[in-house]
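*Asks:* Sharing a structure, written as structure tokens. Questions coming.
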Amino acid sequence: MKIEEKNKWICVLFSIIIGIGFFTTMFSSKKEFSFTERRKLASKPNLSVETYLDGSYMKAFESYTVDTFPWRDTFRRWKALWEREILNKKDHHNIYQAQGHLVAMDYPYNPSSVKKAARRFSWIIEECLEEGNNVYYAVIPDKNYFLAKQSGHLLYAYEELISEMNQEMKGAQYIDLFPTMTIEDFYKTDVHWKQEKIVDTAEKLLHSMHVSNVAKYEKKYVKEPFYGVYYGQSAFPSDPDYIQYLVSDKMKHVQVYDMQNQRSIPLYDLNKTKGKDPYEMFTGGSVSLVKIENPNANTQRKLILFRDSFGSSIAPLLLSGYEEITMVDLRYLSPMQLKNYIEFTDQDVLFLYSSYVLNHSETIK
């Protein structure tokens, strides 16, 4: 075959592939939401003289075609594997894989961010709390703490983060959770910890807050596979996790109230296991203010839990020691509004935050 004829057939084949991709993109049914990436996909832009002339149409159309290209997830996976296996890159979109876990890199250490978070908590202690409040704080290490050094990724000194918190959090007792945790406490495809693995961590919190714990738990299983947030973001192939949750006699008559949306909700909402983020099945998920009442508690003690998303799954394990737990998420509720919703008198107070949120405290109001 002559070179000219060979080049002609290559051009024809390339044109056919491009044409198939174009017509499939334009005329196939489109998804509005990507469950793997947990985000809304770009919609088809409206063409007008104004949007065409100012260039906004072509920019929006490019985003639309990238989001709706056929077999997009497959191509993303091939690209991630190519970069890791062939180009020898250690991560893809700042996510790496080690010991079967997908992990988002968190480097460098940001002392100003940690200081900002600690000062915000200190403001709450000084302006909202009373002398009768027992105040504690604890830090949840992220998966980098357990995996980054062994896998050759950058790792900051977590001791510096704790030291910064200790300097700023005057009036609060530090509870060290690091010795109670291992990498097996976390979902392999997600950022969060597994509820069934953190019973000892909950016991450490209760013991440090001088609360008795007599609960015995039974495991329940969610049938649907759980693909965590890192699964879609990284595009690396990975086996799914499976969510387990714990129940006890102390939880039988628990009442949970979503104060943000003014409605009663279940302690474990199994309907959310079929949604975009199954982890939100725990105590309402990402809600600014939740109150849990436990009529079976053998105590009248109450707890205010300032938390991020990790607090959703550990709160039920603290119910054995409290008749009421108020969960506050400062990512969605300003500290200036706290006194409008919370009675602080004679309550224990726990600030429980992941190291990642503290190192990126712009999410805290």
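The values are calculated or read from the model by the stated rules, or taken from the named source; none is laboratory data. All values derive from a computational prediction rather than experimental measurement. Don't worry about glycine lacking a Cβ; one is built from the backbone with ideal geometry, like all the others, and counts go over all protein chains shown. The area values use the complete protein model at the heavy-atom level, side chains included, leaving out ligands, DNA and RNA. Shrake-Rupley method; radii C 1.70, N 1.55, O 1.52, S 1.80 Å.
*Asks:* Karplus couplings for the stretch 297-309 from phi (6.51 cos²θ - 1.76 cosθ + 1.60, θ = phi - 60°), rounded to Hz, Gly and Pro as x?
*Replies:* 5, 8, 7, 10, 6, 10, 10, 9, 10, 7, 8, 9, 5
*Asks:* Please express the Cα-Cα pair-distance distribution P(r) of the stretch 98-156 as a list of whole percents, one per 5 Å bin, running from 0 to the bin with the greatest distance.
*Replies:* 4, 14, 20, 15, 13, 11, 10, 8, 4, 1
*Asks:* Residues in the stretch 112-130, backbone N under 20 Å from the label point at Leu154 (7 Å along the Cα-to-beta-carbon vector): list them, ranges by number please.
*Replies:* Only 112-115 pass the distance filter.
*Asks:* Still on this structure, I have one more. Two decimals is fine: what is log10 I(q)/I(0) at q = 0.16 Å⁻¹ for the stretch 178-302, from a Debye sum with one equal scatterer on every Cα and no solvent?
*Replies:* Rounded to two decimals, the profile gives -0.94.
*Asks:* Net charge near Lys143, counting Lys/Arg +1 and Asp/Glu -1 over other residues with Cβ under 10 Å of its Cβ?
*Replies:* -3
*Asks:* Right, another one. For the stretch 225-365, what does the alpha-carbon gyration tensor say about shape, rounded, prolate or oblate, given a ≥ b ≥ c as the root eigenvalues, a/c under 1.5 as rounded, and a/b over b/c as prolate?
*Replies:* Oblate is the answer for the stretch 225-365, as a/c is 1.5 or above yet b/c matches or exceeds a/b.
*Asks:* Counting other C-beta atoms within 10 Å, and keeping those with at most 13, which DSSP coil GluC sites (Glu not before Pro) do you find in the stretch 105-141?
*Replies:* Those satisfying the criteria are Glu130, Glu131.
*Asks:* Anything over 25 Å Cα to Cα? Flag those among Lys219/Lys276; Lys276/Lys302; Lys89/Lys194, in the order listed.
*Replies:* Lys276/Lys302; Lys89/Lys194
*Asks:* Taking every pair of alpha-carbon atoms in the stretch 140-227, what share in percent sits in each 5 Å bin, from 0 to the bin with the longest distance?
*Replies:* Result returned by the calculation: 2, 11, 17, 19, 19, 15, 9, 6, 1, 0.
*Asks:* While we're here: Could you sort Met336, Met165 by their accessible area in this structure, using a 1.4 Å probe and putting the largest first?
*Replies:* Correct descending sequence by accessible area is Met336, Met165.
*Asks:* Please list the non-local residues whose amide H lies under 5 Å from the amide H of Ile243, H modeled 1.01 Å from N, same-chain partners needing a gap of 5 or more.
*Replies:* Sorted by chain and number, the residues that satisfy this are Val222, Phe226.
*Asks:* Can you list the HN-Hα couplings for the stretch 166-182, worked out from phi with the Karplus curve (6.51, -1.76, 1.60; θ = phi - 60°), rounded to whole Hz and with x for Gly and Pro?
*Replies:* Once θ is set to phi - 60°, the couplings for the stretch 166-182 become 4, 5, 8, 8, 5, x, 10, 8, 7, 10, 8, 9, 4, x, 8, 10, 9 Hz.
*Asks:* Within the stretch 309-361, which GluC sites (Glu not before Pro) sit in a loop by DSSP and count at most 14 neighbouring Cβ atoms inside 10 Å?
*Replies:* Listed in order of number, the matching sites are Glu343.
*Asks:* Along the Cα→Cβ direction, 7 angstrom out, place labels at Asn340 and Asn298. What is the inter-label distance in nm?
*Replies:* 4.1 nm
*Asks:* Moving to a separate point now. Using amide H atoms built 1.01 Å from N in the peptide plane, name the residues 5+ places from Met259, or on other chains, whose amide H lies under 5 Å from its own.
*Replies:* Hits under the 5 Å cutoff: Leu289, Val290, Lys291.
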